[in-house]
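Some notes on the structure that comes next.
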Amino acid sequence: MRIDVKGLTKSFGSRHLFSNLNCSFKPGQVNVILGESGSGKTTLLNILALFEQPDAGKVLYDGREVTNLKKSELRKLIRSTVGYIYQDIRLFENLSVYENLFLAMKFTELERSQRRKTADELLEKAGLKDYGNKTAGTLSGGEKQRVAIARALAGGKKLLFADEPTGALDEENAMRITELLNDVAQKNGCTIIMVTHSLTVAGRFSSRFRMAGGQLMEDALTKNTLVKNTLAKNGVMKDGVEIEG
Ligand SMILES: Nc1ncnc2c1ncn2[C@@H]1O[C@H](COP(=O)(O)OP(=O)(O)O)[C@@H](O)[C@H]1O
Ligand SMILES: [Mg+2]
């Protein structure tokens with residue numbers, strides 16, 4: 001599903017986050033949003049996911065305006081279409097990992113017998129093989145974050161919003177999750193919009209935007225960001241800036 005944004009404007013009191021944003025997010029790929037803390041990335045995701053209203057402007061899903069829907073229509077659309085990976089994770093801590101995933105599958109067309117298989121596949125791809133029966137609340141922060149990602153993917157929605165989904169992960173798991181999101185976007189043709197602070201993660205994708213000064217611009221990172229990040233890994237450079245000495 002394609003998302004178009006037209007003239008989107010949002011403030012909280014005297015705090016102007018963005019004004020007159022225009023952009024498009026395409027299906028079948030991961031679209032990355034970079035930007036400093038407090039620049040309005042989470043607020044933008046919430047507006048795109050229809051959890052919050054803009055002050056002006058509109059959001060279109062496949063050309064249909066969705067910012068003016070009645071409450072009941074809105075709820076139905078969100079339930080059928082929107083998956084969300086929250087920055088603060090939000091698992092049901094008293095439930096098992098399986099139960100968390102099965103709840104997300106409630107509105108899918110998957111047969112009961114397929115649900116367990118889908119859950120096992122997702123957990124394995126998230127590096128959580130054999131975690132299904134563990135209680136979510138007993139896991140580490142990074143494990144919980146990966147369960148939250150598997151859960152969002154289990155919902156099989158056309159739109160997936162991910163708010164810093166690799167924030168609590170080490171580099172190996174961050175790349176594992178990055179590949180998983182990329183695979184799902186390509187195979188299922190869903191639209192993923194991901195906020196990240198990691199240039200290594202962002203450099204993996206070609207559709208990149210940067211939130212700055214109340215505007216969302218195509219990101220001007222150089223094409224060889226990946227090369228730079230490889231150098232960074234080897235201690236030569238950090239975030240594309242050469243380290244002295
Ligand atoms: N519901 C709200 N009420 C008032 N201010 C808010 C609300 N949500 C976010 N803000 C403010 O808007 C700014 C941008 O927040 P946010 O969208 O979370 O930024 P980011 O995700 O880029 O860090 C912050 O200064 C934050 O305090
Ligand atoms: Mg945020």
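Just to be sure I follow: if Rg is taken over the C-alpha atoms of segment 78-223 and Rh is the Kirkwood radius over the same atoms, what is Rg/Rh? Don't skip to the end; give the middle numbers.
Values: Rg = 15.3 Å, Rh = 15.7 Å.
Result: Rg/Rh = 0.97.
Once phi is turned into θ = phi - 60°, what whole-Hz ³J(HN,Hα) does the Karplus curve with 6.51, -1.76 and 1.60 give for every residue of segment 140-155, x standing for Gly and Pro?
6, x, x, 5, 4, 4, 6, 5, 4, 5, 4, 4, 4, 5, 4, x
Could you state the principal axis extents of the C-alpha atoms in the chain, from the largest down, to the nearest angstrom?
Rounded to whole Å, the extents work out to 56, 48, 32 Å.
Antiparallel as a % of all DSSP beta bridges within the chain, to the nearest 5? Could the numbers behind the result be given before it?
Working: 21 of 40 bridges.
If we restrict to bridges inside the chain, about 50 percent are antiparallel.
Over all directions, average the projected area of the Cα convex hull of segment 1-40 and note it in nm². Please report the intermediate quantities before stating the final value.
Numbers: hull surface 13.5 nm².
Directional mean of the projected Cα hull area for segment 1-40 stands at 3.4 nm².
Quick one: putting +1 on the C-beta of Lys and Arg, -1 on the C-beta of Asp and Glu, what dipole do you get for the chain around its Cα centre, in Debye to the nearest 20?
Dipole about the Cα centre, nearest 20: 840 debye.
Dipole of the chain (Lys/Arg Cβ +1, Asp/Glu Cβ -1, origin at the Cα centre): which of Thr191, Met175, Gly40 lies farthest to the positive side?
Farthest along the dipole direction, towards plus: Thr191.
Calculate for the chain the 222 nm mean residue ellipticity that helices alone would give, adding -39,500 (n - 2.57) per DSSP H run of length 4 or more and normalising by residue count, nearest 500 deg cm²/dmol. Can you show the working numbers first?
Details: 8 runs with 86 residues, N = 245.
Here the helix-only value at 222 nm equals -10500 deg cm²/dmol.
Return the ratio Rg/(2.2 N^0.38 Å) for segment 75-148, where Rg is computed over Cα atoms only.
Dividing the Cα radius of gyration by 2.2 N^0.38 Å gives 1.09.
Every read-out reported here was derived from the displayed coordinates using simple, explicitly stated rules and does not represent laboratory data. Note that the coordinates shown come from a computational prediction; the quantities given were computed from them, not determined experimentally. A quick note on method: Cβ atoms are made from the backbone with ideal geometry, for glycine too, and the neighbour counts reach across all protein chains shown.
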